[in-house]
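Note sheet for the following structure.
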Amino acid sequence: MRAVEALLLDVDGLGAAYLGGVRFHDLWRAGRIAAAAPGALQRADAMFATTAAPWCPMAF
């Protein structure tokens, strides 16, 4: 089985989605990522979905 790239994005977009501050669909609408496979945005949003908002207890 051959792997196919479903989303094309850079590390800052991935980091934003991983930390829960933004959805992949929002990044796509802003032109920050490209969806190369049908349903890729929906699958990525579902895989990275969280109910917790990003939070840092340390003041800078």
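The values are calculated or read from the model by the stated rules, or taken from the named source; none is laboratory data. Model, not experiment: these values are computed from the prediction. As a convention, Cβ positions derive from the backbone with ideal geometry for all residues, glycine included, and neighbour counts pool all protein chains shown.
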Please identify the pairs in which a residue from segment 9-35 that is under 19 Å from Cys56 (Cβ atoms) has its Cβ atom under 8 Å from the Cβ atom of a residue that is among the β-branched types (Val, Ile, Thr), counting only partners at least 6 apart or on another chain. Ala16/Val22; Gly20/Thr50
Would you check if Gly21 is surrounded by 10 or more Cβ atoms within 10 Å (Cβ to Cβ) and at pLDDT below 90? yes
